[in-house]
Structure formats: C-alpha cells, structure tokens
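Report on one structure; see the data block that follows.
Where a number appears in this text, it was derived from the coordinates with a stated rule and is not lab data. In this text the structure is predicted, and so the values were computed from the model without any measurement. In this analysis, Cβ positions are derived from the backbone assuming ideal geometry, glycine residues included, and neighbour counts consider all displayed protein chains.
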Amino acid sequence: MRISGVGCSLADYLYREVDFSSEAFTELRSRERGDGGLEPGRLVFLEGLEKFSGLTYQQSIQKLVGDKEPDTLNVGGPSVVALILAAQLLKPRGMEVGYFGVVGDDKIGSDILEIVRQTPLNIDHYEVISGRSPFTMVLSDPNYDEGHGERAFVNNIGTSWQYGPEDIPEEFFKSDIVLFGATAIVPQLHDNLTGLVKKAKEKGCCSVVSTVYDFRNEMKNPGGKWPLGESEQTYQYTDLLIVDKEEALSISGQDTIEKACDYFISNKLGAFIITQGPNEVIFHSNGELFTKCELDALPVSKAAGERMAAEESRQGDTTGCGDNFVGGVLSSLAGQLSKRKKGEIKLQEAVATGICAGGSALFHLGGMMIEKEPGEKAAEIEEMYQLYREQVKGKCSLGAEFLG
C-alpha cells in the first residue's frame with residue numbers, strides 16, 4: 001500500500017498567546033472580505049496584510065506580540081502534516097507514505113528538511129530549488145470562541161509558486177492513494193486540479209482533495225465562488241473531498257451547509273467530509289469508494305474535550321487539528337483498502353479516526369509531533385478511538401480494530 005501527496009508544505013512560526021480581542025489585533029482585523037486584514041480562522045497573504053496595514057509584515061507581528069520570539073518553529077501545511085501523521089500510523093504496518101514538492105535553498109528550507117527527516121515520511125521527491133521557502137506566521141488565541149481556540153494565518157507562498165503539474169513525476173501516480181492537500185497555496189497545482197484528479201482516476205488511484213482558505217481567489221472576487229480546478233468536473237474525478245464549513249460554502253458558492261451538500265452531491269462527488277470546528281462533522285458517500293452513506297454526522301471527541309479541560313496549563317493549541325484530521329482519514333482509508341474492496345470501505349470509520357487524530361493535535365504545539373519512538377502517535381490515537389467508539393455506540397457501530 002502506497003500513499004503519495006502534493007500540496008502545501010511550509011515552515012510554521014507559531015505564536016501561541018495572541019489575544020484576538022486586543023486593540024492591536026482589532027486594528028489589523030479585516031473590514032471586508034478579501035481586503036488583506038487578519039481574521040480568525042482565515043489565511044491572508046503577507047503582501048495583502050502589508051497593503052492593508054501600511055506596515056511591513058514584521059511590524060504587524062511586532063505590533064501583536066512585541067519582541068516575543070515564536071513559541072516554536074515547526075513544519076506546517078495541510079498536505080505534509082497530514083502525510084507525516086499517516087506515515088507515523090502506517091509505516092509500522094509496512095505502508096509507504098511520501099511527499100512530492102519543492103523547498104527553497106535558504107535556512108527556512110534547510111530547517112524544514114531537518115525536521116521532516118525526523119519522521120518516517122519519504123521525502124525522496126521533496127526537492128530543493130532556488131528561492132525563498134514558503135512560511136506561515138500562525139497567530140493562535142487558545143481562549144477564542146469560549147475556549148475552543150482559533151488561529152489566524154499570514155502566508156508567504158515562496159517557491160510554491162514554481163511547482164506545477166509538469167513537476168509531478170509519473171511515479172506519483174503509481175500509488176494506491178494520492179492526496180492533493182491545500183493546493184490553493186500552490187497556485188499552479190490548484191489551477192490545474194481538474195486534470196490532476198482526472199489523471200489519478202485514469203491511473204487507478206484513489207484521489208483525496210483537502211482544501212484551505214483560498215485567499216488568492218477571495219482577493220480576486222470577494223464573497224464570490226472559489227474555483228476548484230479548471231471546471232466543475234473536478235468533483236466527478238475526486239473520490240473524497242475534505243473541507244471545513246467556510247470552505248464548503250465558498251467552494252460551492254452556496255449560503256447554507258445544506259445547499260453546499262446538495263451542490264457536492266449533484267456534481268457527482270464520490271464522498272465528502274465537512275468539519276465544523278467544535279461542532280459535528282458532516283459526511284456523505286455515493287457508494288463508489290466507500291459504502292453508500294446518506295448525509296450523516298458524527299460529534300467531536302468527548303474524551304479530547306475532557307482532557308483539554310483537565311489540563312489547565314496544557315502546552316498545545318488548535319494548530320494542525322484539521323491537518324491531522326486529514327491524516328487520520330487517509331490512514332483509515334489505507335488500512336481499510338488493504339483489506340477490503342472499493343465500495344466496501346466504511347466512511348464512518350474514516351471520519352471517526354480523523355476526529356480522534358484531530359483531537360490528538362490539541363496536546364502538542366504546532367501541527368506535527370516528532371515521536372519519541374515509533375508507534376507513539378498510533379497508541380495515543382487508538383486509545384482515543386476506542387473511547388470514541390463507546391461515545392457514539394448508540395448512533396453507529398464502529399469496527400473494534402483501529403485503522404480497519
């Protein structure tokens with residue numbers, strides 16, 4: 001079993017204690033969609049924030065945190081973080097997980113590679129090219145939304161501008177599962193996503209697409225519909241789409257989640273999952289890859305919430321919860337696919353594993369965690385999964401065996 005992924009990978013500079021109700025944040029907060037101002041839960045480009053504020057991005061960060069250094073430098077990005085978790089869960093089972101992409105020939109790039117080399121992710125196709133490496137300033141307020149926490153992101157695309165479909169080798173498509181993760185921050189991939197998922201389908205790969213706040217298209221058309229590839233055909237070639245609520249609304253161009261779900265179903269999307277922060281996760285499958293599943297929902301992990309409430313001085317934050325959710329879903333899909341045929345895979349189990357994987361990210365700083373020993377993350381998430389089975393047993397029956 002082999003999983004390969006492309007999409008967003010970068011350095012995360014995490015500032016953990018940023019008060020989104022402060023005067024400084026309010027001054028830098030967006031006034032209208034696409035104006036470049038900061039907004040909880042959303043991503044803006046470095047250039048957009050500088051234009052909005054009239055300050056350099058360094059001056060804006062200093063305005064928010066003073067002379068404080070980042071709490072941590074970590075590898076971030078919805079593609080690579082999801083793949084790192086999948087590698088941590090699946091490598092002990094003999095499955096290979098690899099990332100394809102580029103990084104700059106600067107210190108940020110060397111820092112990224114140094115961190116990733118401490119994980120079981122295969123980076124034979126993570127190439128160094130001339131230019132500035134992608135990075136994101138992650139501003140985290142753990143007290144936002146009544147203690148549920150949220151982040152705001154300032155992103156520099158860097159060398160990701162240079163990575164396009166022609167850079168993906170044929171080896172990528174010799175995989176059982178392929179991930180296109182947060183391609184909105186890798187513009188050439190995003191603008192050609194329809195052709196990429198079509199090719200994956202033709203090569204027999206299971207294709208998973210996960211999204212991120214698409215500030216580039218939001219700037220072009222504030223409040224308008226975000227394109228996902230060259231045409232609506234992206235959906236019919238995609239086996240699974242993973243989005244959060246805001247992304248679901250903007251990508252579908254609808255004003256309610258119910259209408260967004262109808263849009264995805266009418267466009268022949270194989271399956272989709274919509275996360276909603278601390279609220280229930282919505283999902284649907286047409287029966288092609290996963291067993292047929294009408295529109296349904298599962299709650300977030302009660303165990304994760306209880307543990308978070310008990311750890312008053314916890315060192316983690318909400319950064320990477322969504323990325324780890326994707327990694328958990330990928331891992332469950334791979335585990336099930338190694339034992340079952342297409343059409344027999346249970347979407348509920350993949351969603352449940354994603355929920356537990358996302359919950360586990362609350363307890364470490366940044367999106368990814370370097371294991372002290374192989375199997376550490378798997379043991380933690382499996383424990384949460386077994387507790388979650390008990391939590392939802394009155395609603396649905398989940399398999400006792402972790403990862404199928």
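If you add up the charges near GLY335, with Lys and Arg at +1 and Asp and Glu at -1, over every other residue whose beta carbon is less than 15 angstrom from its beta carbon, what do you get? The partial results should precede the final answer.
Numbers: positive: ARG2, LYS91, ARG93, LYS339, ARG340, LYS341, LYS342, LYS346, LYS377; negative: GLU96, ASP176, GLU344, GLU349, GLU382, GLU401.
Neighbourhood net charge equals +3.
Within the chain, which is the longest segment that contains none of the GluC sites (Glu not before Pro) sitting in a DSSP loop with at most 10 other Cβ atoms within 10 Å?
Maximal segment without exposed cleavage sites: 33-311.
Based on the alpha carbons, how large is the Rg to Rh ratio for region 332-381 when Rh follows Kirkwood?
Values: Rg = 13.0 Å, Rh = 12.3 Å.
Rg divided by Rh gives 1.06.
How much mean residue ellipticity at 222 nm does the chain get from its helices, if each DSSP H run of length 4 or more adds -39500 (n - 2.57) and you divide by all residues, to the nearest 500 deg cm²/dmol?
-10500 deg cm²/dmol
Please tell me which of these pairs span more than 19 angstrom C-alpha to C-alpha: LYS91/LYS199; LYS292/LYS341; LYS225/LYS259?
In this structure, LYS91/LYS199 lie more than 19 Å apart at Cα.
Give me the aspartates and glutamates in straight-line cross-link reach of LYS393: C-alpha distance below 19 Å, same-chain residues under 8 apart excluded.
Of all the aspartates and glutamates, those that pass the test against LYS393 - Cα under 19 Å, at least 8 places apart if same chain - are GLU280, GLU294, ASP296, GLU306, GLU349, GLU382, GLU383, GLU401.
How big is the gap, in Å, between the Cα center of region 1-80 and the Cα center of region 207-241?
One Cα centre to the other: 21 Å.
Net charge near ASP244: determine it from the other residues with C-beta under 13 Å of the C-beta of ASP244, scoring Lys and Arg +1 and Asp and Glu -1.
Local charge sum for ASP244: -3.
Over all directions, what mean area does the Cα convex hull of region 55-108 project, stated in square nanometres?
5.8
Can you give me the long-range amide H partners of GLY76? Hydrogens built in the peptide plane at 1.01 Å from N, cutoff under 5 Å, separation of 5 or more residues or another chain.
LEU10, ALA11, ASP12
How long are the semi-axes of the ellipsoid equivalent to region 365-404, from square roots of 5 times the Cα gyration tensor eigenvalues, in whole Å, largest first?
Sorted largest first and rounded, they come to 25, 11, 7 Å.
Quick check: Cα centre of region 362-386 to Cα centre of region 135-157, how many Å?
If we compute the Cα centre of each part, the gap is 21 Å.
For region 32-152, what is one quarter of the convex hull surface built on the Cα atoms, given in nm²?
Quarter of the Cα hull surface area: 9.6 nm².
With a cap of 15 neighbouring Cβ atoms within 10 Å, and only residues DSSP puts in a loop, list the trypsin sites (Lys or Arg not before Pro) found in region 262-306.
Taking region 262-306 and a limit of 15 other Cβ atoms within 10 Å, the loop trypsin sites (Lys or Arg not before Pro) found are LYS268, LYS292.
What is the local net charge at GLY224, summed over the other residues whose Cβ is closer than 10 Å to its Cβ (Lys, Arg +1; Asp, Glu -1)?
Surrounding charge for GLY224 is +2.
Based on C-alpha coordinates, I'd like the Rg and Dmax of the chain, in Å.
19.5, 56
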